[in-house]
Amino acid sequence: MRHQILLFFALVFISFSCTKKSENSTPIIDFEELIADTLVLEKDMNLARISPSLTYAQTDSGEFLLDFIKLHLVGFHYPEGNKAFERFYFPEGPDGLGSTSFKNEITPKGIYVIDADSKIHLAGFDSKVIQSWKLPETPEGRLYSNYTVMAGNRISKIGNELLIADVPYVLNENIIDFQDWVLKYNLEDSTWDYISFPYPAFMREFYDDPNLGTYTHFFNPENQESIVSFPVLDSLMIIKDQSISWKDASPKEPLIFKKGKTVPSGEFIAFEPDHDSGRYTWIDYDPYQKIYLRHALSGLKPEGSDPEHPYYEKLILLNKRLEKIAELENLPNSHRGFATPDGYYFYLGFGAVEEEVLYVKLDFSKISR
């Protein structure tokens, strides 16, 4: 009996040791070590800028990278990088999309655009509106809906539904108990439902902070899971079949979360966030390499040391089972990238001349999964 007890504890110790070793063996990799290639996109007089995150599309006419900004759709040949076509859309009139083209989803059918948090428009590639839908009234307990504020929250079209995140500008006690955050809008019959989840109790510590009270939502159609990332929580919330679980997705060096403060501003009291606070920002998924990417800011660099990149940044990479496989450091910027069948691209900025915009391709095949 004593031998069996000793054997049991030995097995437990070995299992615990292996688990700790596995958890602590996540490699930290310099961003440049994964660079496999460079992509150059060409601007012209109609393009004031090109977005950091583009949409890859494979069509009967070839492969393209699509950019939709300020009601201007531009397609670039991929991987050549030269401009293939452009379309201009209207803010008003029978084919008007409104002035808010920030929140959109490019699909083979056309571009879905949120107009002033009240309508959805589907515009074809001929600049004409194909169909429009009215968004539901603000749910009870929400006060007001906000479908257009957060760049990290992408619209997803899954079958006949659009998934649209409603992200609060700030979290406060008036909406802390609200749960219907992600709208599921059925385009066939104009009905809707929600992906519901509660804000964790820990978030109450960060009321009124515009940096630390939001969330980022990503839906993975491969396994029908919603992934929710909160700015001050190391773990990701996983929602599937109306049940919630958690997966750690933190860097090796823990983030330090710092509360902001209220300060007098004339006749009013303003909230001033602590920009030196660590926080998680966006989450993305590369469906070709089956990799999740979670971006984190870990504080400000010394003042004046790097004005173009003032934050220390990290990128936590996870496999399709949401297990940590690597941590990238020395990122070039804070922007979310985009996936192609050849690799995941990150924005670098201007090339040798301002007419060139550079992106670098990361090859994740070097990382053990």
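Numerical summary
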| item | result |
| --- | --- |
| Residues with amide H under 5 Å from that of residue 282, placed H, sequence gap 5 or more | 295 |
| Coarse-grained scattering of region 117-190 at q = 0.14, 0.15, 0.17, 0.24 Å⁻¹, given as base-10 log I(q)/I(0) from a Debye sum over alpha-carbon atoms | -0.50, -0.57, -0.71, -1.23 |
| Alpha-carbon spread of region 291-364, three principal axes, descending order, Å | 39, 32, 13 |
| Vicinal HN-Hα couplings computed from phi for region 157-169 (Karplus, 6.51 cos²θ - 1.76 cosθ + 1.60; Hz; Gly/Pro x) | 9, 10, x, 9, 10, 9, 9, 10, 7, 9, 10, x, 4 |
| Cut-off 13 Å between beta-carbons: net charge of the residues surrounding residue 259, Lys and Arg +1, Asp and Glu -1 | -2 |
| Tail weight of P(r) past 27 Å, computed on alpha-carbon pairs of region 48-190, percent | 25 |
| Candidates per chymotrypsin sites (Phe, Trp or Tyr not before Pro) in region 146-219, loop by DSSP, up to 14 other Cβ within 10 Å | 169 |
| Three semi-axes of the equivalent ellipsoid, the chain, Cα gyration tensor, whole Å, largest first | 35, 27, 23 |
| Too-long pairs where the Cα-Cα distance tops 26 Å, listed order kept, from 103/247; 70/301; 109/320; 252/301; 70/134; 324/366 | 103/247; 70/301; 109/320 |
| Region 199-335 - percent relative contact order, Cα under 8 Å, separation 6 or more | 17 |
| Total formal charge among the other residues, if their Cβ is under 10 angstrom from that of residue 139, Lys/Arg +1 and Asp/Glu -1 | -3 |
| Cα-based helix-to-principal-axis angle, 2-24 vs the chain, degrees rounded to 10 | 30 |
| Note, ³J(HN,Hα) from phi for region 317-325, Karplus 6.51, -1.76, 1.60, rounded to Hz, x at Gly and Pro | 9, 10, 7, 5, 8, 6, 9, 5, 10 |
| Equivalent ellipsoid semi-axes, region 199-335, via Cα gyration tensor eigenvalues times 5, rooted, Å | 28, 20, 11 |
| Highest-fluctuation residue, 327, 356, 267 considered, GNM on the chain with Cα pairs under 10 Å | 267 |
| Simple spin-label estimate for residue 134 and residue 306 in nanometres, 7 Å along Cα-Cβ | 5.1 |
| Among 266, 96, 141: highest mean-square fluctuation, GNM of the chain, C-alpha pairs under 10 Å | 266 |
| Alpha-carbon centroids, region 67-131 and region 134-168: separation in whole Å | 18 |
| In order through region 353-369: 3J(HN,Hα) via Karplus (6.51 cos²θ - 1.76 cosθ + 1.60), integer Hz, x for Gly, Pro | 10, 5, 6, 10, 10, 9, 9, 10, 9, 9, 10, 7, 5, 6, 9, 5, 10 |
| The chain: calculated mean residue ellipticity at 222 nm from DSSP helix runs of at least 4, using -39500 (n - 2.57) | -2000 deg cm²/dmol |
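Laboratory data are not the source of any read-out in this text; all were calculated from the coordinates shown. Here the structure is a predicted model, which is why all the values come from computation and not from measurement. Positions of Cβ are generated from backbone atoms using ideal geometry, with glycine treated the same way; all protein chains shown enter the neighbour counts.
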